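First comes the structure, then the notes that go with it.
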Amino acid sequence: MDLEPHTWLILGKLAGAGVALGFGGIGAAIGMGNAAGMANHAIMRQPKVQREMLRTMLIGQAVGEGAAVFALVIGLFIIVVSPANLDLIGGNYFAALLGAGLSIGFGTFGSGLGCGWPAGNACAGFARNPARSPKLTQSMIIGQAVAQSPSIFALVVSLILILTAKNGTDLPTMGIYISAGLAMGVSALGSGIGSGQTAGGAVDGIGRWPLAYGVTLRTMLIGQAVCETPAIFGMLVAFIMMFAMGDLNPGLLGFAQVFGAAIAVGFGGVGPGIGSGLTAAKGCAATALRPDKDALILRTMLIGQAVSQSTAIYALIIALALLYVVG
Amino acid sequence: MMDPTTLLTLMNAAVAQAPEAAEAGISGAALIKAGALIGAGICMGFGAIGPGIGEGFAAGKACEAIGRTPQEAGLLTRTMLIGQAVSESTGIYSLVIALLMLFVIG
């Protein structure tokens, strides 16, 4: 395609900023709405501590909203900042902007959605036991901070894509930029949702049975670490594509190679991320109920999460085969 | 009705352009190979979603049940692993089909 540099630039800005804010807003909006709904339900049960619940809800929503703010920052960056030499811009710059949008758009979706559960469950815990509010707020913020990490990975990858894009137009390089963004963004989606569910389960457990605070928090952090695995696989593949790719096949074949790898590792990470989160959420609640059996529950949780992660590892193998073996 | 000389000129031009189109990477063989590569990615990527969520769901319920009745942990873990193995089967089908597309068709 022979387009003017100016046309490529405007097309890239439109596509990148649109994808970033379109997808990036969905997760935070659902998650924060969920938190507000649970807070309302909790205030209905215990109207006496409504001020504390409102404060906790707002803190939790502010942390979760951070995901949408990342998407907003990248979207504005894409729209406002243009490279110095406009004459050399081509399809590669368009692809880099679109990839950055895909990365931050999908990447913040999961974190925003996930951060709603701990915030809502913290308010529900207040309604059960108003005296425990500092520990609930503390565990909520720790859990949300870990759940935000996939969106920070996505932020890093999208900034690298925007700032290091090459000049010119060639199909394999365009494929690399779009695919690196897709691999990072979609794989972060599952990890964000899973980590958020884990934090939600832990805060719920602490709200119901507050005596086992420390051991529940430990189980939560281990569970969240396993949930982050697909996002780390996605980031690994994105970095391989951007910095460690050998010679790709020319033309359509090179594009197909990287795009196939991105779909495999990206979408392949969604299920294991969410599944590990479902497991860890129940594991945290069970630990809070029976802290004396924490080792047994942790063992079962890790076995279950490992089996759930196996499909993410298959997807990583297929992606690496596409990148290195088939070429 | 087109002048025969013009028609002949146009046909010659079309024949002369055909090899160039093939060299630009749009030949049938390249298209099949590209389709196989993207297909393998779609197959393994989307195929991994279901087993991942399903196995996590099974393991979550097992953790919940062990929290309630820790003395039955052995039985519950065995049931969890059998259920997860069945759920894993579709992930393995996807893996096999993706490998077939990569190395047999591609």
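The values are calculated or read from the model by the stated rules, or taken from the named source; none is laboratory data. These numbers come from a predicted model, not from an experiment. Here the Cβ is made from the backbone with ideal geometry for all residues, glycine too, and neighbour counts use every protein chain on show. Side chains included, ligands, DNA and RNA excluded: accessible areas come from the protein's heavy atoms. Shrake-Rupley method; radii C 1.70, N 1.55, O 1.52, S 1.80 Å.
What accessible area, summed over both chains, is buried at the B-A interface (1.4 Å probe, Å², nearest 100)?
So the buried area, both faces added, is about 3400 Å².
With the contact rule set at Cα under 8 Å and sequence spacing of 6 or more, what percent relative contact order holds for chain A?
Values: 755 pairs, mean separation 65.0, N = 327.
Relative contact order for chain A comes out at 20 percent.
Using the heavy atoms of the protein chains alone and a 1.4 angstrom probe, what is the accessible area of chain A per residue in square angstrom?
Working: 11440 Å² over 327 residues.
Per-residue accessible area for chain A comes out at 35 Å².
Find the centroid of the Cα atoms in segment A:93-135 and in segment A:1-61, then give the distance between the two in whole Å.
Their Cα centres are 9 Å away from one another.
To the nearest 10 degrees, how steeply does helix A:229-243 sit against the main Cα axis of chain A, on a 0 to 90 scale?
It is inclined by approximately 20 degrees.
Quick one: net charge of A:Ser310's neighbours, Cβ under 12 Å, K/R +1, D/E -1? Don't jump to the answer; show the numbers that get you there.
Numbers: positive: none; negative: B:Glu55, B:Glu88.
Here the count lands on -2.
Straight-line reach only, C-alpha to C-alpha below 24 angstrom: list the lysines that A:Lys166 could link to, leaving out same-chain residues fewer than 8 apart.
Excluding near neighbours in sequence, the set is A:Lys13.
Between helix A:171-208 and chain A, what is the angle of the helix's C-alpha long axis to the longest principal axis, kept within 0 to 90° and rounded to the nearest 10?
Once rounded, one gets 0 degrees.
If you roll a 1.4 Å probe over the protein assembly as shown with all protein chains in place, what percent of the accessible area is carbon or sulfur?
Carbon plus sulfur share of accessible area: 71 percent.
Counting partner chain Cβ atoms within 10 Å of every residue's Cβ in B:72-81, what's the average? Display every interim value, and only then the final one.
Working: counts 0, 5, 0, 0, 1, 5, 0, 0, 5, 4.
Mean partner-chain Cβ count within 10 Å for B:72-81: 2.
Under the rule of at least 5 residues apart or a separate chain, name every residue whose amide H is placed under 5 Å from the amide H of A:Asn249.
Distant-sequence amide H within range of A:Asn249: A:Gly254.
Compute the acute angle (0 to 90°) between the alpha-carbon long axis of helix A:91-114 and the principal axis of greatest extent of the alpha-carbon atoms of chain A; round to the nearest 10°.
Orientation of helix A:91-114: about 10 degrees from the principal axis.
Taking a probe of 1.4 Å, how large is the accessible area per residue of segment B:46-106, in Å²?
50
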